[in-house]
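The values are calculated or read from the model by the stated rules, or taken from the named source; none is laboratory data. Everything numeric in this text was worked out from a predicted model, so none of it was measured. Here the Cβ positions follow ideal geometry from the backbone for every residue, glycine too, while neighbour counts run over all protein chains shown.
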Amino acid sequence: MSLPTSPFAPSASLPGTGQLVLCLLPPGKQVLQKFTYQYPLKLIAPDPHHASDDKHVTIAFLLTYGGGLVGGDQISLKVELQDATRLVLLTQGSTKIFKSPNRSVVSRQILDVQVGPRAALCYLPDPTQPFAESVYEQRQTFYVDPNGSSNLLVLDWVSEGRRARGESWTLWSWNGRNEVREMDERSRGRLLLRDAVMLHDDELAGVSLLDKADNMGVFGTLIVYGSIFKHLADFLVQEFSNQPRIGAKNWAANDSTTQSENAKEVELSRQREQQDGLLWTAATVRGFVLVKFGATELDGARRWLGGLLRKEGTVEKMFGHQALLCLR
């Protein structure tokens with residue numbers, strides 16, 4: 001006896017792949033033109049909302065079944081933001097990287113995003129959380145308008161794992177690379193920025209990754225680019241320049257300023273950063289502002305970065321308070 005014919009058309013998509021295309025329809029309505037995914041990748045998109053400047057903003061959550069990647073899982077997502085669209089890309093929790101059966105079995109996540117002219121991407125995910133003996137590779141490429149009208153805010157961070165289970169930086173390998181390129185249909189596009197992080201244990205040298213981490217529980221990178229985020233970029237650079245140098249007095253503040261309420265607030269903020277073991281730096285690189293940070297605890301990094309972004313205000317104003325979910 002033959003089985004009945006399935007009423008569902010066979011899918012041509014590969015496991016773990018997804019595509020999201022965001023476009024603007026007259027008279028300015030923002031819609032998802034394409035929104036597909038295959039297990040173990042899952043995407044969720046609530047209804048679009050209006051930002052305070054009355055622009056449409058679409059939110060999409062990037063998920064995996066089970067909350068993470070099992071050894072060997074492969075995730076590949078292609079995103080396209082057409083002209084003048086705005087997208088917030090989030091996760092609903094940390095992406096767990098589960099144990100691999102051996103070092104040759106790699107869990108991999110690939111993200112390719114095209115950000116069109118006057119479009120803006122706000123990508124603020126929760127951190128990846130590599131478990132003991134996990135192997136992970138991440139490649140994120142962002143293509144921007146050659147005329148410089150695209151806008152990017154990208155957060156990429158990784159935590160130590162499950163400290164309560166004694167799994168502080170006991171991963172086998174974690175490799176991440178972020179690239180920003182100009183859009184070019186004939187080639188990969190001119191490279192504007194490349195940032196890479198490689199974490200791995202060194203059995204031959206006999207040095208653990210925990211020793212290399214120097215008591216840090218999280219490392220992260222923030223990439224800021226474009227006119228929408230110009231004020232935020234300047235704010236971050238100024239905040240860093242106002243930090244007192246190690247072993248030196250902060251000459252930017254005079255005695256009268258030190259007594260002001262604002263200075264007291266700044267001093268309390270710095271004390272909290274010291275308690276959280278926070279270290280950070282900000283630099284301008286070829287039109288980008290690149291922020292590197294580390295902290296003893298994940299919650300400390302959340303408080304610090306969330307506090308900076310809320311104090312400056314661009315993200316909440318342009319994308320809504322939902323964009324900061326990972327920093328609450």
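For beta carbons closer than 6 Å, sequence separation of 6+ or different chains, a first residue in the range 95-107 that is in contact (Cβ under 8 Å) with a residue 12 or more places away in the chain and a second that is assigned to a strand (DSSP E or B) and surrounded by fewer than 18 Cβ atoms within 10 Å (Cβ to Cβ), the qualifying pairs are Val106/Glu137. Just a yes or no: is a residue in the range 154-168 out of contact with any Pro (no Cβ under 6 Å at 6 or more places or on another chain), of a type in the set (Gly, Ala, Ser), assigned to a loop (DSSP other than H, G, I, E, B) and at pLDDT below 95? Within the range 154-168, one or more residues are out of contact with any Pro (no Cβ under 6 Å at 6 or more places or on another chain), of a type in the set (Gly, Ala, Ser), assigned to a loop (DSSP other than H, G, I, E, B) and at pLDDT below 95.
Exactly one residue among Gly18, Gly72, Gly93, Gly68 is surrounded by fewer than 20 Cβ atoms within 10 Å (Cβ to Cβ) and out of contact with any helix residue (DSSP H, G or I) (no Cβ under 8 Å at 6 or more places or on another chain), and that residue is Gly72. For Thr257, the conditions (1) at pLDDT 70 or above; (2) in contact with a helix residue (DSSP H, G or I) (Cβ under 7 Å, 6 or more places away or on another chain); (3) exposed (fewer than 14 other Cβ atoms within 10 Å of the Cβ) are fulfilled apart from (1).
Within the range 209-229, the set of residues being at pLDDT 95 or above and surrounded by fewer than 18 Cβ atoms within 10 Å (Cβ to Cβ) comprises Ser227 only. Restricting attention to the range 310-323, the residues that are surrounded by 20 or more Cβ atoms within 10 Å (Cβ to Cβ) and in contact with an Asp or Glu (Cβ under 8 Å, 6 or more places away or on another chain) total 2.
Just wondering, is there one or more residues in the range 176-185 that are part of a loop (DSSP other than H, G, I, E, B), touching a helix residue (DSSP H, G or I) at 6+ places or on another chain (Cβ under 8 Å) and at pLDDT below 95? Reasoning before the result, please.
Going residue by residue through the range 176-185, those that are part of a loop (DSSP other than H, G, I, E, B) are 183-185.
Restricting the remaining residues to those that are touching a helix residue (DSSP H, G or I) at 6+ places or on another chain (Cβ under 8 Å) gives none.
No, the conditions are met nowhere in the range 176-185.
Could you please let me know if Leu192 is touching a residue at least 12 places away in the same chain (Cβ under 8 Å), touching a Leu at 6+ places or on another chain (Cβ under 8 Å) and surrounded by 18 or more Cβ atoms within 10 Å (Cβ to Cβ)? No; evaluated as a whole, the condition is false for this residue. Determine whether the range 260-278 contains at least one residue that is surrounded by 18 or more Cβ atoms within 10 Å (Cβ to Cβ) and at pLDDT 85 or above. Yes. Within the range 143-158, the set of residues being more than 13 Å from Gly176 (Cβ to Cβ) and either surrounded by fewer than 24 Cβ atoms within 10 Å (Cβ to Cβ) or among the polar types (S, T, N, Q) (or both) comprises Tyr143, Asp145, Pro146, Asn147, Gly148, Ser149, Ser150, Asn151, Leu152. For the residues Lys78, Lys34, the requirement of being among the charged types (D, E, K, R), over 19 Å from the mean Cα position of the chain (by Cα) and assigned to a strand (DSSP E or B) singles out Lys34.
Being buried (at least 19 other Cβ atoms within 10 Å of the Cβ) and among the β-branched types (Val, Ile, Thr) is a property that does not hold for Ile44.
If you go through the range 121-145 and keep only what is over 14 Å from the mean Cα position of the chain (by Cα) and in contact (Cβ under 8 Å) with a residue 40 or more places away in the chain, you end up with Pro130, Phe131, Ser134, Val135, Tyr136, Tyr143, Val144. With respect to the conditions (1) under 20 Å from Ala196 (Cα atoms); (2) acidic (Asp, Glu); (3) free of Cβ contacts under 8 Å to residues at least 12 places away in the same chain, Asp47 falls short on a single one, namely (1).
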